[in-house]
Amino acid sequence: MAIFIFILGTILGSFYLVIATRLPLNEDVLLSRSHCDKCLHQLKWYNLIPLLSYLFQLGKCPYCHKEISLIHFITELITGLSFLVLYLLYGISYEFFMGLIIVSLVIIIFISDFKYMVILDSPLIVFAILSFIVKVVYLKIETALYGILCGVALFCVMLLIEQLGKIIFKREALGGGDIKFGFLIGLILEFRLGLIAIILSTFLALPYSVASLYIIKKDEVPYGPFLAGALLIVFLTSSKFLALFNFLFRI
Ligand SMILES: [Zn+2]
């Protein structure tokens, strides 16, 4: 089972890379055949085996012999390992499936937002539907519906931050993708933990923003990866936060 889940992760990781790098360019990702980025030669199934094809082809395209970016290998490996770790931590459970959804979001958003400064709508919609289904199956329909309510609330919080940013800094503080992502964070974590994730994300983004402003002299920073990272951290440590809430509300 563990091996199967690892392999599934590497296959999905390969697909996530395609989504995150081709969708922003309006390329069809479901119907078009996989091809080499350099020579556009169509790839055969045995050129597309996650991890192994890259290793056996020594990181080069089998047709034009130009180098294939290491990001392919890294994305497949990280997704596979993350899936495996979630299985070893939680077994087949609510936490496992929700963890898979969060890890998938983290990987897609990391790549698309750092590369193109965009958070794609379609993965957000697909994973919102999947998290709703997981909540209905493992928890209760009421909990899933409450999640949607929390999603709307956090969407409004993000909208408020964006509007305040516009008034105070006279410029766009958040992208539309970040605000929509706020809905998903609320749906998955519910309101209190979702709010903590948003606060945590600002702390995570701060060192990078300062560094990119003063070192690379770039004043536009992708915020999605930090939101996604905070979502993952709060999800993995949620029991600690919930215990803290209970403690605080008792005193
Ligand atoms: Zn090629």
Across (1) under 24 Å from Lys140 (Cβ atoms); (2) in contact with a Leu (Cβ under 8 Å, 6 or more places away or on another chain), Glu162 clears everything bar (1)
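A quick yes/no check of all residues on (1) crowded, with 18+ Cβ neighbours inside 10 Å; (2) out of contact with any Pro (no Cβ under 7 Å at 6 or more places or on another chain); (3) assigned by TED's automatic domain parsing to the domain that holds Cys36; (4) without any contact (Cβ under 8 Å) to a residue 12 or more places away in the chain:
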| site | (1), (2), (3), (4) |
| --- | --- |
| Leu58 | no, yes, yes, yes |
| Ile68 | yes, yes, yes, no |
| Thr75 | yes, yes, yes, no |
| Ser82 | yes, yes, yes, no |
| Gly99 | yes, yes, no, no |
| Gly147 | yes, yes, no, no |
Mind checking whether some residue in the range 214-224 is among the hydrophobic types (A, V, I, L, M, F, W, C) and part of a helix (DSSP H, G or I)?
no
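Only one residue in Ile5, Ile19, Ile11 is open to solvent by less than 60 Å² (accessible area, probe 1.4 Å), more than 26 Å from Met117 (Cβ to Cβ) and in a helix (DSSP H, G or I), so which one is that?
Exactly one of Ile5, Ile19, Ile11 is open to solvent by less than 60 Å² (accessible area, probe 1.4 Å), more than 26 Å from Met117 (Cβ to Cβ) and in a helix (DSSP H, G or I), namely Ile5.
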Note on Leu88: of the conditions (1) in a loop (DSSP other than H, G, I, E, B); (2) open to solvent by 80 Å² or more (accessible area, probe 1.4 Å); (3) touching a residue at least 24 places away in the same chain (Cβ under 8 Å), unmet is (1)
Number of the exception - Phe83 against (1) farther than 22 Å from Phe97 by Cα; (2) assigned to a helix (DSSP H, G or I); (3) at pLDDT 90 or above; (4) among the aromatic types (Phe, Trp, Tyr)
(1)
Under the condition of being part of a loop (DSSP other than H, G, I, E, B) and either away from the ligand (no atom under 12 Å from the Cβ) or closer than 16 Å to Leu12 by Cα (or both), which residue from the range 45-58 is farthest from the chain's Cα centre (by Cα)?
Leu58
Inspect all residues belonging to the range 37-44 and state whether any of them is surrounded by 17 or more Cβ atoms within 10 Å (Cβ to Cβ), assigned to a loop (DSSP other than H, G, I, E, B) and within 16 Å of the ligand (Cβ to nearest atom).
no
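For every residue, the table says whether it meets (1) within 24 Å of Ile125 (Cβ to Cβ); (2) open to solvent by less than 70 Å² (accessible area, probe 1.4 Å); (3) without any contact (Cβ under 8 Å) to a residue 60 or more places away in the chain; (4) touching a Cys at 6+ places or on another chain (Cβ under 6 Å).
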{"residue": "Leu164", "(1), (2), (3), (4)": "no, no, yes, no"}
{"residue": "Ala211", "(1), (2), (3), (4)": "no, yes, yes, no"}
{"residue": "Pro222", "(1), (2), (3), (4)": "yes, yes, no, no"}
{"residue": "Arg250", "(1), (2), (3), (4)": "no, no, yes, no"}
Please work out which residue is nearest to the ligand (Cβ to nearest atom), limiting yourself to the range 59-107 and to residues that are within 28 Å of Trp45 (Cβ to Cβ) and hydroxyl-bearing (Ser, Thr, Tyr).
Tyr63
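The values are calculated or read from the model by the stated rules, or taken from the named source; none is laboratory data. Computed from a prediction, not measured in an experiment: that's the story for all the values here. Every residue, glycine among them, receives a Cβ derived from its backbone with ideal geometry; neighbour counts consider all protein chains shown. Accessible surface areas use protein heavy atoms only, side chains included; no ligands, DNA or RNA. Shrake-Rupley method; radii C 1.70, N 1.55, O 1.52, S 1.80 Å.
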